[in-house]
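Read through the structure below, which is laid out as structure tokens, and then see the notes.
The values are calculated or read from the model by the stated rules, or taken from the named source; none is laboratory data. Since we're looking at a predicted model, the values are computed, not measured. Positions of Cβ are backbone-derived with ideal geometry, glycine not excepted, and every protein chain shown enters the neighbour counts. All accessible areas refer to the heavy atoms of the entire protein, side chains included, with ligands and DNA or RNA removed. Shrake-Rupley method; radii C 1.70, N 1.55, O 1.52, S 1.80 Å.
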Amino acid sequence: MSAKPSDLAYVPFVSVHNMMRLIHRIGIDEMLCGIAAEIEADFLRWEAFDKTPRVASHSADGVIELMPTSDGDVYGFKYVNGHPKNTRTGLQTVTAFGLLARVDTGYPVLLSEMTILTALRTAAMSALAAKHLAPKGARTMAMIGNGAQCEFQALAFRAICGIDAVRLFDIDRAATDKAMANLADSGLTLTACDSPEAAIEGADIITTCTADKQYATILGDNMVGAGVHINAIGGDCPGKTELHRDILLRSGIFVEYPPQTRVEGEIQALDPDHPVTELWQVMAGSAPGRTSRDQITLFDSVGFAIEDFSALRYVRARLDDTGLFERLDMIADPDDARDLFGMVQRARQGLAGGIE
Ligand code: NAD
């Protein structure tokens, strides 16, 4: 009896290296648009999903989270961390990996890096929300916080919303210079700014994407004029927000999944029954999006499990064509399903025979 795993026991694995090759094979614009389309399709079947706020383990330095969901056929989860101090020692603030499995057998069908994929899906989700909420004809975006997510956000807003100018600000000028250099060939008109006030001048969309484990005030109330759309990415944890509370009180607020956003989002600063609109309802046409030219719309983004599920399914669907994966020997698969121990014993005989 052989201990060699069957095909089902080999799990396709997308490494960081292969994720980067996949992006270049497909093209980043097409990939951002494709992931946005998957997310929108999944938001349109919102009721089909198991939904739960993510399970978070907080420490003084950051947070480690698990984000599960299922549509009844496929189950998925992401492991993700958020450690704002990491960049001081050369580590990423956010790293992630994720898995999809069949619901009927429980067998995994994909394991993937998700540090890069999270940046893609977060940008795709932000731009998708803006497509439904931003003022018509929006062309200029302010980008406050020019770290790891920044260029992905800029490119998604270009590809999905038609943004053609980005005004960048970061407290660390080196981050802005890095983003300016990375986006130099993007066709976007780029302006490096010396203050958040300068960055938001003339912007139709304001993206805040900073990392700090505190109640920060990246945008003060007097900075935000009528009619803008705010894409607030960085406030995504209890005790970690970016906007002055008065901005929230003047805005139409749109969220992914209220039970999670009430704990993690900008709206943690508001009463628990403050009205918010679920984005999936705007997409489905069952709730209004922007109601007037002068309204301030706010996407209080925290990142929800269904977005990761959609992104993983997008990647999974491209593996057969591209071959950009490895096969991991990850699931023990004895020929006799109940003889797991016998398989282990026979492996010892094999090892004694010099097979390692
Ligand atoms: P990063 O650490 O790479 O970049 C953050 C940048 O913010 C840094 O360049 C830093 O200098 C800058 N910054 C900090 N305080 C600032 C301030 N007051 N004004 C201007 N700039 C400031 O982090 P990242 O990976 O780009 O992530 C950014 C934030 O987005 C994090 O808080 C992260 O948790 C969050 N995030 C949210 C989602 C989501 O779905 N909502 C997904 C991914 C990341």
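A few comments on the model shown:
- Rounded percent of accessible protein surface that carbon and sulfur make up, the range 1-153, 1.4 Å probe: 58 percent
- Estimated at the nearest 10 Å², the accessible area of T217 is 90 Å² with a 1.4 Å probe.
- Stokes-Einstein, applied to the Kirkwood radius of the range 236-340 over Cα pairs at a viscosity of 1.002 mPa s and 20 °C, places its translational diffusion at 125 µm² s⁻¹.
- Carbon and sulfur %, accessible surface of the range 236-356 computed with the full protein complex present, 1.4 Å: 49 percent
- Extension gain, D221 back to S15 (0.36 nm per residue minus Cα-Cα distance, nm): 69.8 nm
- Label point at S57 placed 7 Å out along Cα→Cβ; residues across the range 75-112 whose backbone nitrogen lies under 13 Å: 79-82
- When the chain is treated as a Gaussian network with alpha carbon springs shorter than 10 Å, the biggest mean-square fluctuation among R245, R54, R45 belongs to R45.
- Largest to smallest principal axis extent of the C-alpha atoms in the range 5-161, angstrom: 52, 39, 33
- On Cα atoms only, tilt of 28-43 relative to the major axis of the chain in degrees: 90 degrees
- Taking every protein chain into account, the 1.4 Å probe leaves D294 with about 110 Å² of accessible area, to the nearest ten.
- Selection among L183, L32, P334 by position relative to the dipole of the chain gives L183 as farthest towards the positive end (Cβ unit charges, Cα centre).
- Entry comment: accessible area of the range 192-263 is 36 Å² per residue, from protein heavy atoms only and a probe of 1.4 Å.
- All lysines inside 30 Å of K240 as judged from Cα atoms, apart from same-chain residues fewer than 8 positions distant: K51, K78, K85, K131, K178, K213
- Computed E for T115/E326 - FRET, C-beta separation, R0 25 angstrom, nearest 0.05: 0.90
- Note on the range 162-250: Cα-Cα pairs beyond 19 Å make up 42% of the total pair count.
- Probing with 1.4 Å while keeping every protein chain in the model, the per residue accessible area of the range 300-356 equals 59 Å².
- Charge dipole magnitude, Cβ of K and R +1, D and E -1 - the chain, Cα centre, debye nearest 20: 280 debye
- Simple rule: put +1 on each Lys or Arg Cβ and -1 on each Asp or Glu Cβ in the chain, find the dipole, and look at G235, Y75, M19; the Cα lying farthest toward the positive end is M19.
- Other residues with beta-carbon under 9 Å from the beta-carbon of I306 carry, at +1 per Lys or Arg and -1 per Asp or Glu, a net charge of -4.
- Net charge over other residues, Cβ less than 12 angstrom from the Cβ of F13 (K, R count +1; D, E count -1): -1
- Taking Cα atoms only, the orientation of helix 340-352 departs from the longest principal axis of the chain by about 70 degrees.
- Computed with a 1.4 Å probe over protein heavy atoms only, the accessible surface of the range 1-94 comes to 52 Å² per residue.
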